[in-house]
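**Student:** My questions all concern the structure below.
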Number of protein chains: 2
Amino acid sequence: MGDAKVTIKEIARYAGVGTTTVSRVLNNHPYVSDEKRRRVEQAIAALHYRPSQTARHLRGGSSGLLGFLTDDVATTPYAVDIIRGAQDVAWAHRMVLLVADSGGNSRFAEAAVDVFRERAVEGIVYAAMYHRPVRLPAGLDGLPTVLANCFLEDRSAPSVVPDEVYGGYHATKAALGAGHRRIGFINLWEETEGVTPPFPAIYGRLRGYQQALEDHGLCYEDALVRFSDQTPRENYRHTRELMALPAPPTAIFCGNDKVAMNCYSALAELGLRVPGDVAVIGYDNIAHIAEGLLPQLTTMQLPHYEMGKWAAQYLIENQGRTMAPVQMALPCPLVARESV
Amino acid sequence: MGDAKVTIKEIARYAGVGTTTVSRVLNNHPYVSDEKRRRVEQAIAALHYRPSQTARHLRGGSSGLLGFLTDDVATTPYAVDIIRGAQDVAWAHRMVLLVADSGGNSRFAEAAVDVFRERAVEGIVYAAMYHRPVRLPAGLDGLPTVLANCFLEDRSAPSVVPDEVYGGYHATKAALGAGHRRIGFINLWEETEGVTPPFPAIYGRLRGYQQALEDHGLCYEDALVRFSDQTPRENYRHTRELMALPAPPTAIFCGNDKVAMNCYSALAELGLRVPGDVAVIGYDNIAHIAEGLLPQLTTMQLPHYEMGKWAAQYLIENQGRTMAPVQMALPCPLVARESV
């Protein structure tokens, strides 16, 4: 990567700041404005600057390692963007990620914590692959940990999650903005052994849906809101039943992109066109589905990359300090395509 | 993880071998049969055994680190299974993965190689997110490297890739086995600046398709084979054109699951049922699509997890030796669901 000094100058030029400011950001010095810090970090990322690890070791004696522990990336593949977000921030701070995927096995997770300790990681990002309350593996005491896409029931550790209310609100608002007044909602549901899971996605998006209707002076109607167990046949059935109502919806907000995919099929079989006859909005922005459907699906983006960034950033900013258990919620923005 | 000695005993019991055999596997001793090695590794994985890193350091002075460098996980999310496969093998050998995702940026990739060197990784798995020839980043000379899901044009480094011919052959055979004799094939295509990419997926699967027909005494017909640029509208158009042939196919083999998704839509609009009127076979086994479609999609599995395992295994087996540039191709098995 060439001479570190030249590269610091390059960063300063790119960011439009002095080299002192760059140095301060690299050393996590507190006296840098948020705006300058952001510009320097963007320059570091854009130029892929990486100062000498050796210099860092000599100076601080720190390992330069962050641990990244996940439960199961495989179930929600786009959640790997959480890793990328954390990596990009770690990199900008001359740190490297040690990654361990426990596959949901708690014994493996505990062993991973042991490994991270042996390697003297400076902190851990613990990421869940869908938004939910979690219990941390044993052995994390005293090791700075930030949760991404999950949280502790007692909120005793910092966490960053998607703002589900925001997502539900803006999905509904997109339909309202296109003139729709009867908006169906096929929400998610999954019961495990008779226990209703307290998944924030389910009630958060419902609250957002209700709020958007209320803001437009519309009444909430139970008949327009369904809960699907997410199997293709149930998603299909709920669409058919919504469209069989005496006053069927003209727009359907789907709990995720897979629901939307089955909703499309049911509408096609009824001879109904998207969005001409019925508008459809998804959730998750699974590119393979959303970009692959005809017409392409308007949907809500889960902020995976941003959560990874936020978690790593919060760890790094608070190195050597006690972390306040901030509970951060990041917006799920609308990705407008062709279905509304 | 408790006492390492007890755990070695547990592994021996689980694997049905002696503790000496377990020790030999852990130390990469050559005098262990392949079958016993496999049983021990399965036991290690199943029990999530992790011996003391300290002991390993004291004995060998090695870093216990493997580098994992990818180009862009985000584009093909299920390819993260390559990471999981490599991790599981590394773990079983008391090694930890350092992961870096270059996002396709060659400067970042070179910097990652520097970091891996500084951290004294014992080898590198270089993974591409779709099967293709690659150039390795600068700076890898002398660092043992195994390529996963990609290969060097001159085959000078070991690599493990999906067997595309096998996949094309068995996809076609699945349709033949269900009695189909006219089998359409919507193959992939993507031209970049007028250059035809030599993607093994394209010609490999075509060869497999041709071979399967030949084995059944059927002639290859140009009219039944299409090349789609993978946009939804083109996938849709090719399906419509296949079905408009004087003798339309009764089965369609799609180059990937997204093509199959658009193929379903086109067939639905023609009032044709899957698989009653037309059977459909996909490729890739993207769970969100294949399990989400109605009927669920029969498709070919890319061996991501297995490639990650193979690459890490080959690195570890050859530690301290010159690696032969083996070019390994792993089968893409059929995942039978409801569409054939």
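**Student:** Starting with the fewest neighbours, write out A:Val80, A:Val274 ranked by other beta-carbon atoms found within 10 Å of each beta-carbon. Please report the intermediate quantities before stating the final value.
**Tutor:** Numbers: A:Val80 28, A:Val274 23.
Listed from fewest to most nearby Cβ atoms, that is A:Val274, A:Val80.
**Student:** Per residue of the stretch B:285-291, in order, report the coupling 6.51 cos²θ - 1.76 cosθ + 1.60 (Karplus, θ = phi - 60°) as ³J(HN,Hα) in whole Hz, putting x for Gly and Pro.
**Tutor:** For the stretch B:285-291, the Karplus-derived couplings read 6, 6, 4, 4, 8, 4, 7 Hz, x marking Gly and Pro.
**Student:** Here's something else I'd like to know. So the label point sits 7 Å from Cα along the Cα-to-Cβ vector; using that for B:Gly217, what distances do you get to the other copies, in nanometres, sorted shortest first?
**Tutor:** 7.7
**Student:** Here's another thing I want to ask about it. In the protein assembly as shown, what percentage of the DSSP-assigned beta bridges are antiparallel, given to the nearest 5? Don't jump to the answer; show the numbers that get you there.
**Tutor:** On the way: 7 of 78 bridges.
Counting only bridges with both partners in the protein assembly as shown, antiparallel ones make up about 10 percent.
**Student:** Follow-up question, since we're still on this one. Treat the count of other C-beta atoms within 10 Å as a stand-in for reagent exposure and order B:Ile316, B:Ile44 from fewest to most. List each step's numbers first, then the result.
**Tutor:** Numbers: B:Ile316 19, B:Ile44 26.
Fewest-to-most Cβ neighbours within 10 Å comes out as B:Ile316, B:Ile44.
**Student:** A further question follows. Calculated from DSSP H runs of 4 or more alone, at -39500 (n - 2.57) each and per residue, what is the 222 nm mean residue ellipticity of chain B, nearest 500?
**Tutor:** Working: 12 runs with 141 residues, N = 340.
Roughly -13000 deg cm²/dmol at 222 nm, from the helical runs in chain B.
**Student:** Per residue of B:99-110, how many C-beta atoms from partner chains lie within 10 Å of its own C-beta, taken as a mean? Before the final figure, lay out the partial values.
**Tutor:** Values: counts 9, 6, 8, 2, 4, 0, 2, 1, 5, 7, 1, 3.
Going residue by residue through B:99-110 and averaging, the value is 4.
**Student:** Right, another one. Considering only the other residues whose Cβ falls under 15 Å of the Cβ of A:Val280, what net charge follows from Lys and Arg at +1 and Asp and Glu at -1? Provide the component values of the computation, followed by the final result.
**Tutor:** Working: positive: A:Arg182, A:Arg226, A:Arg240, A:Lys258, A:Arg273, A:Arg337; negative: A:Asp257, A:Glu269, A:Asp277, A:Asp284, A:Glu291, A:Glu338.
Its environment carries a net charge of 0.
**Student:** A follow-up question, please. Defining the label point at 7 Å along Cα→Cβ, can you sort the distances from B:Gly16 to the same site in each other copy, shortest first, in nm?
**Tutor:** Once sorted, the set of distances for B:Gly16 reads 7.0 nm.
**Student:** Would you mind ranking A:Cys254, B:Cys150 by Cβ crowding within 10 Å, fewest neighbours first? Please list the in-between numbers first.
**Tutor:** Numbers: A:Cys254 31, B:Cys150 22.
Listed from fewest to most nearby Cβ atoms, that is B:Cys150, A:Cys254.
**Student:** Using a 7 Å offset from the Cα along the Cα-to-Cβ direction at both A:Glu214 and B:Asn105, what is the distance between the two label points in nm, to one decimal?
**Tutor:** Once both label points are built, they end up 4.4 nm from each other.
**Student:** Of the candidates A:Leu47, A:Leu206, A:Leu136, which one comes out as most mobile in a Gaussian network treatment of chain A with C-alpha springs shorter than 10 Å?
**Tutor:** Per the Cα network of chain A with a 10 Å cutoff, A:Leu47 tops the list.
**Student:** What is the calculated FRET efficiency for B:Glu35 to B:Glu118, with r their C-beta to C-beta distance and R₀ = 25 Å, to the nearest 0.05? Please report the intermediate quantities before stating the final value.
**Tutor:** Values: r = 39 Å, r/R0 = 1.56.
Rounded to the nearest 0.05, the efficiency is 0.05.
**Student:** Of A:Gly308, B:Ala112, A:Trp189, which is farthest towards the positive pole of the protein assembly as shown's charge dipole, taken about the Cα centre with +1 and -1 on the beta-carbons of Lys, Arg and Asp, Glu respectively?
**Tutor:** Value: B:Ala112.
**Student:** For a quick check, take a GNM of chain B with Cα springs below 10 Å and name the residue from B:Glu317, B:Glu122, B:Glu153 with the largest mean-square fluctuation.
**Tutor:** Of B:Glu317, B:Glu122, B:Glu153, the Gaussian network model singles out B:Glu153 as fluctuating most.
**Student:** Right, something else. Quick one: label points 7 angstrom along Cα→Cβ at A:Gln327, distances to the other copies in nm, smallest first?
**Tutor:** When each copy's label point is compared with this one, the spacings are 5.7 nm.
**Student:** What do you get for the angle between helix B:200-215 and the principal long axis of chain B? Use alpha-carbon atoms, 0 to 90 degrees, nearest ten.
**Tutor:** Rounded to the nearest ten degrees, it is 60.
**Student:** Calculate one ³J(HN,Hα) per residue across the stretch A:131-141 by plugging θ = phi - 60° into the Karplus curve 6.51 cos²θ - 1.76 cosθ + 1.60, and present them in order as whole Hz with x for glycine and proline.
**Tutor:** Going residue by residue, I get 5, 6, x, 9, 10, 6, x, 5, x, 8, 3 Hz, with x marking Gly and Pro.
**Student:** Applying 1/(1 + (r/R0)^6) with R0 = 22 Å to the Cβ-Cβ distance of B:Asp154 and B:Arg321, what FRET efficiency is obtained, to the nearest 0.05?
**Tutor:** Details: r = 21 Å, r/R0 = 0.96.
Result of the calculation: an efficiency of 0.55.
**Student:** Tally the DSSP beta bridges in the stretch A:164-300 and give the antiparallel ones as a percent, rounded to 5. Present the calculation step by step, with values, prior to reporting the outcome.
**Tutor:** Working: 1 of 13 bridges.
DSSP beta bridges in the stretch A:164-300 are roughly 10 percent antiparallel.
**Student:** Shape of the protein assembly as shown from its Cα gyration tensor (a ≥ b ≥ c, root eigenvalues): rounded if a/c is under 1.5, otherwise prolate when a/b > b/c, or oblate?
**Tutor:** Values: a/c = 1.68, a/b = 1.21, b/c = 1.39.
Oblate shape, in that a/c is at least 1.5 and b/c is the bigger or equal ratio.
**Student:** Moving on to the next point. Working out 0.36 nm times the residue gap between A:Glu221 and A:Tyr203, then minus their Cα-Cα distance, what length gain in nm do you get to one decimal? Before the final figure, lay out each step's value.
**Tutor:** Values: separation 18, 0.36 × 18 = 6.48 nm, distance 1.59 nm.
So the chain would gain 4.9 nm between A:Glu221 and A:Tyr203.
**Student:** Among B:Pro162, B:Pro232, B:Pro200, which one shows the highest mean-square fluctuation when chain B is modelled as a Gaussian network with alpha-carbon springs under 10 Å?
**Tutor:** B:Pro232
**Student:** Then there's this: Under a straight-distance cross-link criterion of Cα-Cα below 15 Å, which aspartates and glutamates are reachable from A:Lys9, leaving out those fewer than 8 residues away in the same chain?
**Tutor:** Partners found: A:Glu41.
**Student:** Could you tally the net charge around A:Leu293, taking each other residue with its Cβ under 12 Å from the Cβ of A:Leu293, Lys/Arg +1 and Asp/Glu -1? Mind showing how you got there, number by number?
**Tutor:** Values: positive: A:Lys258, A:Arg337, B:Arg233, B:Lys258; negative: A:Asp257, A:Glu291, A:Glu338.
Within the 12 Å Cβ shell, the charges total +1.
**Student:** Rounding to the nearest 10 and keeping the result within 0 to 90°, find how far the Cα-based axis of helix A:304-317 lies from the longest principal axis of chain A.
**Tutor:** Rounded to the nearest ten degrees, it is 30.
**Student:** Report the net charge of residues surrounding A:Gln210, where surrounding means a beta-carbon distance below 13 angstrom and charges are Lys +1, Arg +1, Asp -1, Glu -1.
**Tutor:** Values: positive: A:Lys173, A:Arg205, A:Arg207; negative: A:Glu164, A:Glu214, A:Asp215, A:Glu221, A:Asp222.
With Lys, Arg at +1 and Asp, Glu at -1, the net is -2.
**Student:** Considering only DSSP beta bridges where both residues belong to chain B, give the percentage that are antiparallel (nearest 5).
**Tutor:** Details: 3 of 39 bridges.
Counting DSSP beta bridges with both partners in chain B, the antiparallel share is about 10 percent.
None of the figures in this text is laboratory data; all of them are computed from the coordinates on show. No experiment lies behind these values; they were computed from the predicted model shown. Every residue, glycine as well, gets a Cβ built from its backbone with ideal geometry; the counts of neighbours run over all protein chains shown.
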